[in-house]
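Asks: Quick one: the structure is below, and I'll ask about it shortly.
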Amino acid sequence: MHIALLGNAGSWYAEDLLRAAGDRHTIVAVGYQHLSSEVDLSGDSSSATTVYSQGNCLNQFDAVLIRSMPPGSLEQIVFRMDALANLAASGVQVVNPPRAIEVAVDKYLATTRLAAAGLLVPRTIACQTVEQAMAAFESFGPDVVLKPLFGSEGRGIVRLSDPEIALRTFTALTQIGAVIYLQEFIEHQGSDLRLLVIGSEVFGMRRRNHTDWRTNISRGAVAEPLEVTPQLVELAHRAAEAVSAPLAGVDILPARDGRLVAIEVNAVPGWKALSQVTGVDIAAKVLAFLEN
């Protein structure tokens, strides 16, 4: 297969995919900032719309694997998603599909999709004014988790329990036009479950953090083996299907009271720690999924 890797050419994931590809597949790394598109009916192309990056016509690839989602202006983000959608419409396999990326990257939208699919999610309030945010803060206990609407790996997530600090934080956020996204704090035992969905397969690990209530590997959590039970497989597939992502990282938080709470779905999931703790060649699994 001829695969375009949309992401950082020097990343660990690019190197891991190149290793797994060997001589079976050709992988070319391209960047978001170089995406361009042409609409032209005068040529012999089967598609009037073509998409390019760094001298490569992406319509000529068998698949485009999205491995990053860098920040950009609203115009840039919309154009990138539109270009990828046109690429998918032309018959190129884009993983994950652009709409899945859009849903998963938006915590509010993803949470509503998970809830609509019948998964247990934290009580959530999204609002835009200080007054609404303070009322929500009080209704939570007060003990609330504040998250950026867009973001990953635990960046920007804080726990608020002091009213004065909450007021100052909400005021600062409204001044920059941010949406205030709040969730209840769920008592847990210092660990969560990361389930990686690759088509019909599900792999998993436990992420445990002894020093921080946040359980992201980037925040110091340690990966541990996990028995992926049929119940977890079913939850993982339902969560991935809720955002239409065939390749998805699903985060499940086991609460102290025994509930399994779906926290979020990552449509550009990492697998470095998962490969190490499971011994599974995840990069090879991803390539096999694209091939099949």
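Laboratory data are not the source of any read-out in this text; all were calculated from the coordinates shown. Please read these numbers as outputs of a predicted model, since none were measured by experiment. For neighbour counting, all protein chains shown are included, and Cβ atoms are generated from backbone atoms with ideal geometry for every residue, glycine included.
Asks: Once you charge only the Cβ atoms, +1 for Lys and Arg and -1 for Asp and Glu, what is the size of the charge dipole of segment 18-131 about its Cα centre, to the nearest 20 debye? Write out the running numbers ahead of the final one.
Replies: Working: 8 positive and 10 negative charges, 121 e Å.
In total the dipole reaches around 580 debye.
Asks: Only bridges whose two residues both fall in segment 1-129 count here: according to DSSP, what percent of them are antiparallel, nearest 5?
Replies: Values: 6 of 18 bridges.
Restricted to segment 1-129, the bridges split so that about 35 percent are antiparallel.
Asks: Oh, and also: Say a paramagnetic label sat at a point 7 Å from the Cα of Gln132, along Cα to Cβ; which residues of segment 153-197 have their backbone N under 19 Å from it?
Replies: So the set is 166-184.
Asks: Where in the chain are the DSSP H helices whose C-alpha atoms run 24 Å or more along the long axis and whose mean Kyte hydropathy is at least -1.0? Provide the component values of the computation, followed by the final result.
Replies: Values: long enough: none.
In the chain, no H run is both long and hydrophobic enough.
Asks: OK, next. Of all alpha-carbon pairs in segment 86-207, indicate the percentage at a distance above 19 angstrom. Before the final figure, lay out the partial values.
Replies: Values: 4255 of 7381 pairs.
When every Cα pair of segment 86-207 is considered, 58 percent fall beyond 19 Å.
Asks: If I model a spin label as a point 7 Å beyond the Cα along the Cα-Cβ vector, how far apart are those points for Leu149 and Arg123 in nm?
Replies: Output for this residue pair reads 2.3 nm.
Asks: Which value, to two decimals, describes the C-alpha radius of gyration of segment 188-291 once divided by 2.2 N^0.38 Å? Present the calculation step by step, with values, prior to reporting the outcome.
Replies: Numbers: Rg = 13.0 Å, N = 104, 2.2 N^0.38 = 12.8 Å.
Ratio of Cα Rg to 2.2 N^0.38 Å: 1.01.
Asks: Put +1 on the Cβ of every Lys and Arg and -1 on every Asp and Glu Cβ in segment 124-184; which of Tyr181, Ala166, Ser139 then has its Cα farthest towards the positive end of the dipole?
Replies: Final value for the positive-end residue is Tyr181.
Asks: Cut-off is 10 Å between beta-carbons; in what order do Glu201, Glu234, Glu227 appear when sorted fewest neighbours first? Present the calculation step by step, with values, prior to reporting the outcome.
Replies: Numbers: Glu201 15, Glu234 11, Glu227 7.
Lowest count first: Glu227, Glu234, Glu201.
Asks: Would you give the gap between the C-alpha center of segment 1-53 and the C-alpha center of segment 244-288, rounded to a whole Å?
Replies: That distance is 25 Å.
Asks: Could you tell me which of rounded, prolate or oblate describes segment 2-95, using a ≥ b ≥ c as the square roots of the eigenvalues of the alpha-carbon gyration tensor, with rounded for a/c under 1.5 and, failing that, prolate when a/b is larger than b/c and oblate otherwise?
Replies: Working: a/c = 2.33, a/b = 1.30, b/c = 1.78.
It comes out oblate by the Cα gyration axes.
Asks: To the nearest 20 debye, what charge dipole does the chain have about its Cα centre, counting +1 at the Cβ of each Lys and Arg and -1 at the Cβ of each Asp and Glu?
Replies: So the dipole magnitude of the chain works out to roughly 500 debye.
Asks: Could you line up Asp257, Asp143 from fewest to most neighbouring Cβ atoms inside 10 Å? Display every interim value, and only then the final one.
Replies: On the way: Asp257 8, Asp143 12.
Lowest to highest Cβ neighbour count: Asp257, Asp143.
Asks: What is the fewest-to-most order of Tyr13, Tyr181, Tyr108 by other Cβ atoms lying within 10 Å of their Cβ?
Replies: Fewest-to-most Cβ neighbours within 10 Å comes out as Tyr108, Tyr13, Tyr181.
Asks: Could you give the size of the charge dipole of segment 184-292 about its Cα centre, using +1 on the Cβ of each K and R and -1 on the Cβ of each D and E, expressed in debye and rounded to the nearest 20?
Replies: Values: 11 positive and 14 negative charges, 54 e Å.
With only Lys, Arg, Asp and Glu charged at Cβ, the dipole is about 260 debye.
Asks: Using 0.36 nm per residue of separation minus the Cα-Cα distance, give me the extension gain between Leu167 and Thr229 in nm, one decimal.
Replies: Working: separation 62, 0.36 × 62 = 22.32 nm, distance 4.27 nm.
Roughly 18.0 nm would be gained on extension.
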